[in-house]
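Scroll down for the structure; my scribbles are underneath it.
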Amino acid sequence: MKESAFAGDMNVALAQGPTAVLAKPERGPGRLESSAYRMAQWLRSPRPYLMLIGFALFLGFWYLTVEVWKLPRFSQMPGPTAVITEWINPDPIYGLSLYSPEYYQHIWVSTRRVLIAFLLATATGVPLGLLLGWSLRFKEYVFPVFELLRPIPPLAWVPLAIIMFHGSETPIIFLTFLASFYATTLNTMLGVESIDVSFVRAAYCLGAKRRQVFWHVIVPGAMPFIFTGLQISVGVAWFSLVAGEMVSGQYGLGYLINTSYTMVQYPTMVIGMITLGIVGYVTSAAVRVLGNYLMQWRARELAMGAEA
Amino acid sequence: MNYEPPRGSPIADARAPALAAQGGCKGAIRIANVVKIYGSEGAGVRAVDDCTFHVPAGKITVVVGPSGCGKTTLLNAIAGFHSITSGTIHLDDALLCGPGRPKADPGPDRIVVFQNGALFPWKTIVENVAFGPIVQGRLSRKAAFEKARMMLAETGLHNLETNYPGEISSGMRRRVEIARALMNDPKVLLLDEPYRALDSLTKSVMHEALLETFDRNRVTIFFITHDLEEAIFLGHHVVIMTTRPCRPKKILTVDIPHPRDYSVLTAKRFREYLDETVEAVHEEALKAFAAGERER
Ligand SMILES: Nc1ncnc2c1ncn2[C@@H]1O[C@H](COP(=O)(O)OP(=O)(O)OP(=O)(O)O)[C@@H](O)[C@H]1O
Ligand SMILES: [Mg+2]
C-alpha cells in the first residue's frame, strides 16, 4: 500500500515537473511570490540562525567584559543592560529613549541631511561619471582636477565649508555630499569603462546612432557599477555627516553622540551609535533593493548562478 | 537541389566582375591588397599584408588560419570597427574603405556575430532581437516586437522571449544572436568563431541550424574558425590563411552540394578535403610556431 502511495506522489511530481521547471519570476505579481519563496528558502537555510548566534556572541562578549569581568579598559563603558534599559525606559535617566520625541527628531534631521546630500551627489555624480567614461577628451580636462581634490578628507573641508555657507545646515550637507559625490562619480566612470566593447560594436552594427548607443548600451551597461557606487555613497555619507554634526549643528545623531559624551551621559552616547548603525544599514539596504528592482536581468542572472 | 556548380576559382581574383547579380543574391565582398598595421608605420605589428580575395554573394566563405594571424583584424575592417592601412574593400559595387576613407561605417548591411556573444544582457531576448529595426526607425516598437516573435518562433525559440540572455544556454544565445542579425535583412553575416566555446554536441546542432538559416535566407556568410571539420562542413569556399601577416595561402572550393547534413562527415570526398586543409594549415602552424620561437 505504501508503495503505491509513493508511486502516486511520484506521478504528481512528474505531472508538475515541467511547469515547475518553466516557472520563472515574471513581471507583476510573480515577483512578489518569488520574494516570498526566497524568504522561505532563507528561513530554511542555516543562515538566519548563524546570524542570531553572531549577535548573541557579540552581546555576550560585551556583557562579560563590562558587567561581569569589569576589565580595566572597559570600566567607563556602559554595559548592554544599562544601554538597553535606558533605551526602552519610558522615563529615561539621561533624558533620551525610544519614548522621547527628541530621539526621533535626531534621527529625522540626520536622515534628511543624508538624503539631500545623497540625492545631490547622485544627480551630479552619475552624469559626470557617464561623461568621464564616455568622452576621452572630457576626461582629460576634468579627471586630473577630480583626482587632486578627492584625497582631501571631508574634515579638512570643515573650515572652508563654514566660511562658504551660512548657517549650520548647508555646511553639514555640503560635507556629507562631498565623499558621496566622489564615490558615485568614480564608480560610474569605471562602470562605463568596464563595458565590453563588443556591446558597443554590436549596437553600431545594428544601426544605432551615437546617442542611442549611449542610452541603450552605456547607461544600462554601467548600471551595476553605478549601484555599487551608490551603496558606497550612502555609507560614506553617514561617515562624513557625523563628522560634520560633531563640529556644528543643534540636532542629529552625530550631535547627540558628541553632546552626550561631553555631558557624561554614556548610555545615551551608545544608543546614538547603535541607532546610527541601524539607520545606516536600512538606507544602504534600500539602495540595494532599488538596484535589484531596476536590474531584474542581473538579479535573475545571479539567481541562476546560485542554483547552478 | 539548389546546388550550383562552382566556377573555376573566381574568388581568387578580386578584379573579377561582381557576382552580385547571380541568383538575385547581394553581399559580395571584394578584398583587394588590404594591409593593416597596428601602431605606427614601421614599428607597428603588420597583421594583414597585401591580402586579396573575393567573398561571393550568397555563399558561405570560411576563413581558417593559425592563431593570431589576423583573421579578426580583417573581419573588423569589413565591419567598420577599425581602419585599414591601405588597399580597398568593396561590398557589391560600393566602396567600404579604401584610399581617402580608411574606415568603413558600421551598418546593418554587415552584421557581426561575436566570438564571445554580444546579446545585451540588460534586454530580454525579444527586446534584443527587435533592437535593430527599432533604433534604425524602420519599424514601430510594436511591429518590431511582432517580427521578432515570428523570427524566434521560426528558430524554435518562442518560449524564451521574456527571458534575459543570462538565463538561457550559450547555444541558444548564439541562435538568438543570429536571429537578431537576420531581423535587419543584412547582405552579409560576419561570424567570428561563434561556436568556439560550445561543446561538440551543441556545435553540431548549431551547424545544422546555421545551414538551415542559410538555406532560408541566402545571406552571404563570412565565417572565421579554427575547426577545420567545421570549415569544410559549412563552407562553399575555404580560405586558408598564412601565418601573420595574413594573406590567403590556398583557396579551396568544397564541391559537396548544399543542403548538407551530418552524413557528409563520413564521405570519402569530405575526408580528402579535410586532409588537404590539414596539410596546408599544419604547414602554417609550424611556421607560426617557429616565428614565435625566434621572437623569444
Ligand atoms: N589593437 C591591437 N593593437 C596591436 N596589435 C594588435 C591589436 N589587435 C590585434 N593585434 C595583433 O594583430 C595580430 C592579429 O590579431 P587578430 O586578432 O586579428 O588574430 P586572429 O587571427 O583573429 O587570432 P585568433 O585566431 O587567436 O582569434 C595578433 O598578433 C595581435 O597580437
Ligand atoms: Mg580572432
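Take the conditions within 21 Å of A:Val279 (Cα to Cα) and either of a type outside the set (D, E, K, R) or open to solvent by 40 Å² or more (accessible area, probe 1.4 Å) (or both) and apply them to A:Ile88. Does it pass?
Numbers: within 21 Å of A:Val279 (Cα to Cα): yes; either of a type outside the set (D, E, K, R) or open to solvent by 40 Å² or more (accessible area, probe 1.4 Å) (or both): yes.
Yes; evaluated as a whole, the condition is true for this residue.
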- Message: On the basis of being within 16 Å of ligand 1 (Cβ to nearest atom) and out of contact with any helix residue (DSSP H, G or I) (no Cβ under 9 Å at 6 or more places or on another chain), does B:Ala32 make the cut?
- Response: no
- Selection within the range A:196-229 - of a type in the set (Lys, Arg) and either part of a helix (DSSP H, G or I) or within 7 Å of chain B (Cβ to nearest Cβ) (or both): A:Arg201, A:Arg210, A:Arg211
- Query: Within the range B:119-132, is there a residue that is at the interface with chain A (Cβ under 8 Å from one of its Cβ atoms) and part of a helix (DSSP H, G or I)?
  - Reply: yes
- Message: Can you tell me which condition A:Met77 does not meet? The list is (1) out of contact with any helix residue (DSSP H, G or I) (no Cβ under 7 Å at 6 or more places or on another chain); (2) away from chain B (no Cβ under 14 Å); (3) open to solvent by 60 Å² or more (accessible area, probe 1.4 Å); (4) at pLDDT below 90, and all the others hold.
- Response: (1)
- Query: Out of curiosity, is B:Arg138 of a type in the set (Lys, Arg) and in a loop (DSSP other than H, G, I, E, B)?
  - Reply: yes
- Query: Yes or no: B:Ala47 small (Gly, Ala, Ser) and touching an Asp or Glu at 6+ places or on another chain (Cβ under 8 Å)?
  - Reply: no
- Item | Total residues in the range B:261-285, condition over 30 Å from B:Tyr38 (Cα atoms), surrounded by fewer than 21 Cβ atoms within 10 Å (Cβ to Cβ) and touching a residue at least 40 places away in the same chain (Cβ under 8 Å) | 3
- Query: Any residue at all in the range B:75-83 that is closer than 25 Å to A:Ala202 by Cα, away from ligand 2 (no atom under 16 Å from the Cβ) and either more than 14 Å from chain A (Cβ to nearest Cβ) or assigned to a strand (DSSP E or B) (or both)?
  - Reply: yes
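Determine whether the range B:103-114 contains at least one residue that is surrounded by fewer than 17 Cβ atoms within 10 Å (Cβ to Cβ) and either free of Cβ contacts under 8 Å to residues at least 60 places away in the same chain or within 18 Å of B:Met150 (Cβ to Cβ) (or both). First the steps, then the outcome.
Taking the range B:103-114 as the starting set, the residues that turn out to be surrounded by fewer than 17 Cβ atoms within 10 Å (Cβ to Cβ) are B:103, B:105.
Subset that is either free of Cβ contacts under 8 Å to residues at least 60 places away in the same chain or within 18 Å of B:Met150 (Cβ to Cβ) (or both): B:103, B:105.
Scanning the range B:103-114 turns up at least one residue that is surrounded by fewer than 17 Cβ atoms within 10 Å (Cβ to Cβ) and either free of Cβ contacts under 8 Å to residues at least 60 places away in the same chain or within 18 Å of B:Met150 (Cβ to Cβ) (or both).
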- Give the number of residues within the range B:218-227 that are within 16 Å of ligand 2 (Cβ to nearest atom) and over 18 Å from B:Asn116 (Cα atoms). 0
- Note on the structure: Listed by first then second residue, the pairs whose first member lies in the range A:280-296 and is away from every other protein chain (no Cβ under 14 Å), whose partner is part of a helix (DSSP H, G or I) and of a type in the set (A, V, I, L, M), with beta carbons under 7 Å and at least 6 positions apart or on separate chains, are A:Thr283/A:Val114; A:Thr283/A:Val234; A:Ser284/A:Val234; A:Val287/A:Leu230; A:Val287/A:Val234
- Message: Checking the conditions here, which among A:Ser45, A:Ser4 is among the hydroxyl-bearing types (Ser, Thr, Tyr) and at pLDDT below 50?
- Response: A:Ser4
- Message: Looking at B:Ala143, B:Ala153, B:Ala181, can you tell me which residue is within 13 Å of another protein chain (Cβ to nearest Cβ) and either assigned to a helix (DSSP H, G or I) or surrounded by fewer than 23 Cβ atoms within 10 Å (Cβ to Cβ) (or both)?
- Response: B:Ala181
- Looking at this structure, is B:Gly100 at pLDDT below 90, out of contact with any helix residue (DSSP H, G or I) (no Cβ under 9 Å at 6 or more places or on another chain) and within 15 Å of ligand 1 (Cβ to nearest atom)? no
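Which members of the range B:57-78 meet the condition of being among the small types (Gly, Ala, Ser), in contact with a strand residue (DSSP E or B) (Cβ under 7 Å, 6 or more places away or on another chain) and surrounded by fewer than 23 Cβ atoms within 10 Å (Cβ to Cβ)? Reasoning before the result, please.
We begin by selecting, within the range B:57-78, every residue among the small types (Gly, Ala, Ser); these are B:57-58, B:65, B:67-68, B:70, B:77.
If we keep only those that are in contact with a strand residue (DSSP E or B) (Cβ under 7 Å, 6 or more places away or on another chain) too, we end up with B:57-58, B:65, B:70, B:77.
Scanning the range B:57-78 gives a single hit, B:Gly58.
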- Query: Has the range A:107-124 got any residue that is within 19 Å of A:Val264 (Cβ to Cβ), of a type outside the set (Gly, Ala, Ser) and modelled with pLDDT of 90 or more?
  - Reply: no
- Condition check for B:Thr72: under 24 Å from B:Ile178 (Cβ atoms) and within 15 Å of ligand 1 (Cβ to nearest atom): yes
- Query: Taking the stated definitions as given, is B:Gly137 touching a residue at least 60 places away in the same chain (Cβ under 8 Å), open to solvent by 10 Å² or more (accessible area, probe 1.4 Å) and within 14 Å of chain A (Cβ to nearest Cβ)?
  - Reply: no
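Could you say which residue among B:Ile111, B:Ile60 is more than 30 Å from B:Leu286 (Cα to Cα) and either touching a Cys at 6+ places or on another chain (Cβ under 7 Å) or modelled with pLDDT of 90 or more (or both)?
Working: B:Ile60 fails: more than 30 Å from B:Leu286 (Cα to Cα).
Unique residue meeting the criteria: B:Ile111.
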- State whether the residues of the range B:194-216 include one that is crowded, with 21+ Cβ neighbours inside 10 Å, within 16 Å of ligand 2 (Cβ to nearest atom) and within 17 Å of the chain's Cα centre (by Cα). yes
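For the range B:163-178, which positions are in a helix (DSSP H, G or I), within 11 Å of another protein chain (Cβ to nearest Cβ) and either open to solvent by 10 Å² or more (accessible area, probe 1.4 Å) or small (Gly, Ala, Ser) (or both)?
Taking the range B:163-178 as the starting set, the residues that turn out to be in a helix (DSSP H, G or I) are B:165-167, B:170-178.
Among the residues that remain, those that are also within 11 Å of another protein chain (Cβ to nearest Cβ) are: B:165-167, B:177.
The answer is B:Gly166, B:Glu167.
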- Note on the structure: Per the filter on the range A:150-186, residues under 23 Å from A:Phe227 (Cα atoms), assigned to a helix (DSSP H, G or I) and open to solvent by 30 Å² or more (accessible area, probe 1.4 Å) are A:Pro154, A:Phe174, A:Phe177, A:Phe181, A:Leu186
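Given the criteria within 14 Å of chain B (Cβ to nearest Cβ), under 21 Å from A:Gly129 (Cβ atoms) and within 29 Å of the chain's Cα centre (by Cα), does A:Val145 qualify?
Numbers: within 14 Å of chain B (Cβ to nearest Cβ): no; under 21 Å from A:Gly129 (Cβ atoms): yes; within 29 Å of the chain's Cα centre (by Cα): yes.
No.
The values are calculated or read from the model by the stated rules, or taken from the named source; none is laboratory data. Just so it is clear, the structure is predicted and the values come from calculations on it, not from any experiment. A quick note on method: Cβ atoms are made from the backbone with ideal geometry, for glycine too, and the neighbour counts reach across all protein chains shown. Note: areas computed on protein heavy atoms with side chains; ligands, DNA, RNA excluded. Shrake-Rupley method; radii C 1.70, N 1.55, O 1.52, S 1.80 Å.
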